[in-house]
Amino acid sequence: MLKTLHTICRTGIVTEPAPASDTALRIGDQLQQRIHDILGRALCIRHVDAGSCNGCELEIHALNNPVYNIEGLGIKFVASPRHADLLLVTGPVARNMEVALKRTFDATPAPKLVVAIGDCGCTGGVFGESYASAGRVSNVIPVNVAVPGCPPHPNRILAGILAAIEAGNGK
């Protein structure tokens, strides 16, 4: 034991050098500032699953993990469309969800921003329009930004959200 302590005292503390500064860490600060400049507060999102396969939902949930940390950027999900600034709609709109999606859109306060997520939300995907599907989201409610992909990467979803904010602001 004494020999080990002597070796520790002779060697000192051995650590790795500090990592170089990463510009990617500053992007979050810039996004947060941009959201605050445009809205003056946090962005509240209401997510509506209009009949998707849940692939897009998994990517949306990934936005809340520590890697993307959208809550830290001033973006949060809310349970009521009355508190929402933006609707995030996934999937082709099932006939059973048409009325619910219209009511959700009507309950959202102005200015109403809508982002359609995934190929199904943008074009109707493989489901298209049929007796069971109204097809793309824009067939039911107006859409500001469409984010294609099956499913789209969380970075693309975040870029679509920010594009909708800037478009809704008139920039």
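Annotations for the structure displayed:
- For segment 55-161, the set of GluC sites (Glu not before Pro) satisfying both a DSSP loop assignment and a count of at most 15 other C-beta atoms within 10 Å is given as Glu129.
- Exposure proxy order (Cβ contacts within 10 Å, fewest to most) of Val78, Val137: Val78, Val137
- For segment 51-107, chymotrypsin sites (Phe, Trp or Tyr not before Pro) are listed when DSSP marks them as loop and at most 11 other Cβ atoms sit within 10 Å of their Cβ; the list is empty.
- Basic side chains Lys and Arg get +1 at the Cβ, acidic Asp and Glu get -1 at the Cβ, and with that the dipole of segment 1-154 about its Cα centre reaches some 320 debye.
- Rounded to 5, the percent of DSSP beta bridges in the chain classed as antiparallel: 10
- Remark: spin-label model distance His36-Asn139 equals 4.3 nm, labels positioned 7 Å along the Cα→Cβ axis.
- Sorted by Cβ density within 10 Å, fewest first, the residues Ile161, Ile117: Ile161, Ile117
- Diagonalising the gyration tensor over the Cα atoms of segment 42-168 and scaling each eigenvalue by 5 before taking the square root yields semi-axes of 22, 17, 12 Å, largest first.
- For Lys76, the aspartates and glutamates whose Cα falls under 18 Å of its own Cα, not counting residues fewer than eight places away in the same chain, are Asp29, Asp37, Asp49, Glu57, Glu59, Asp85, Glu166.
- Count Lys and Arg as plus one, Asp and Glu as minus one, and take only other residues whose Cβ is under 10 Å from that of Cys56; the net charge is then -4.
- By the beta-carbon count within 10 Å of each Cβ, the least crowded to most crowded order of Val147, Val93, Val14, Val140, fewest first, is Val14, Val140, Val147, Val93.
- Rg over Rh for segment 30-110 works out to 1.01, using Cα positions for both radii and the Kirkwood form for Rh.
- Distance between the modelled labels on Asn155 and Val99, one decimal in nanometres: 4.3 nm (7 Å Cα→Cβ projection).
- Residue with peak Gaussian network fluctuation, the chain [Cα springs, cutoff 10 Å], from Pro111, Pro19, Pro92: Pro19
- Multiplying the residue separation of Glu16 and Lys3 by 0.36 nm and subtracting their alpha-carbon distance yields 2.2 nm.
Rule-based calculations on the coordinates, nothing more; no lab input. Source: prediction; values computed, not measured. Please note: Cβ atoms are built from the backbone with ideal geometry, for glycine as well, and neighbour counts cover all protein chains shown.
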